[in-house]
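Peer 1: Take a look at the following structure, please.
Every number here is computed from the coordinates shown, using simple stated rules; none is lab data. Remember, it's a predicted structure, so these values are computed and weren't measured experimentally. Virtual Cβ from ideal backbone geometry, glycine too; neighbours counted across all protein chains shown.
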Amino acid sequence: MDGVLINSEPKIKLCAQISAKELGYTISNETYTSWMGLPSREIRLAIQETMGTEFPIEDFYERYRKNWNNNLEKHGMDAQPGIAELLAQLTELGIPFSVATSTDRSHALKSLELSGLLPFIKLLIGGDQVTKGKPDPEIFIRAAELINVPGSQCIALEDTPIGITAAADAGMFTIMVPDIVVPDHVFKICRYVLPSTQIAARVITRLFSS
């Protein structure tokens with residue numbers, strides 16, 4: 001969802017880096033990238049492991065929540081280009097879809113509401129609703145079950161190597177719109193690697209029209 005449906009990834013990174021800086025620490029872009037796509041509980045463990053045992057994780061999260069809420073109040077949340085049109089078209093055509101996000105369900109719904117996409121979203125499974133997070137395929141398997149479609153007949157749109165790995169292991173047709181340099185192994189499991197969500201939306205529309 002983050003980076004695919006909504007343009008939240010830059011906000012998340014900015015708020016994490018600001019929160020760490022307020023505590024006298026630095027989160028590099030490379031470090032943040034290594035956390036992308038992980039579910040909330042695993043991100044917490046990854047932060048603690050990366051930043052060290054002395055890192056004040058509770059203070060960090062408290063500052064992060066404050067900075068995140070301030071950012072949302074000032075700037076809102078934007079949908080990614082082409083996504084609203086894609087969801088509207090899928091709805092009109094009667095093609096079922098669901099959201100599989102590592103973000104906790106309640107936070108995901110709030111962000112989708114702010115972006116204006118929530119009216120399109122009828123089915124969503126969050127990272128707090130599965131036992132194993134990405135790159136395990138569980139969340140994509142559950143998402144396919146929600147729409148009663150076999151994974152082999154689903155298209156998954158992702159922006160991280162972790163997400164692509166999970167979707168591919170669920171047997172899905174995978175499309176990636178990367179926020180970062182794409183690792184070589186991702187090209188082997190991706191059907192398409194595309195430069196923008198707008199182009200990805202057009203490709204998905206054509207795939208369902210063919």
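Peer 1: Highest first, please rank the peptides 55-64, 106-115 by the mean number of other Cβ atoms sitting within 10 Å of their residues.
Peer 2: Output ranking for 55-64, 106-115: 106-115, 55-64.
Peer 1: Can you sort 188, 13 so the residue with the fewest Cβ neighbours within 10 Å comes first?
Peer 2: Fewest-to-most ranking of 188, 13: 188, 13.
Peer 1: OK, next. Residues with amide H under 5 Å of residue 6's amide H, sequence separation 5 or more or different chain, H placed in the peptide plane at 1.01 Å from N; which?
Peer 2: Result for residue 6 returns 80.
Peer 1: Sorted from fewest to most neighbouring beta carbons within 10 Å, what does the list 45, 38 look like? List each step's numbers first, then the result.
Peer 2: Details: 45 11, 38 21.
With the fewest neighbours first, 45, 38 line up as 45, 38.
Peer 1: Classify segment 1-99 as rounded, prolate or oblate from the Cα gyration tensor: take a ≥ b ≥ c as the square roots of its eigenvalues, call it rounded if a/c is under 1.5, otherwise prolate when a/b beats b/c and oblate if not.
Peer 2: Prolate.
Peer 1: Within segment 1-135, what is the number of lysine pairs with alpha carbons under 20 Å apart, leaving out pairs fewer than eight places apart on the same chain?
Peer 2: Taking the Cα cut-off of 20 Å, the pair count is 14.
Peer 1: With a/c under 1.5 counting as rounded, go ahead and sort segment 83-209 into rounded, prolate or oblate using the C-alpha gyration tensor (a ≥ b ≥ c being the square roots of the eigenvalues; past the cut-off, prolate if a/b is larger than b/c, else oblate).
Peer 2: Values: a/c = 1.33, a/b = 1.09, b/c = 1.22.
It is rounded, given that a/c, with a ≥ b ≥ c, falls under 1.5.
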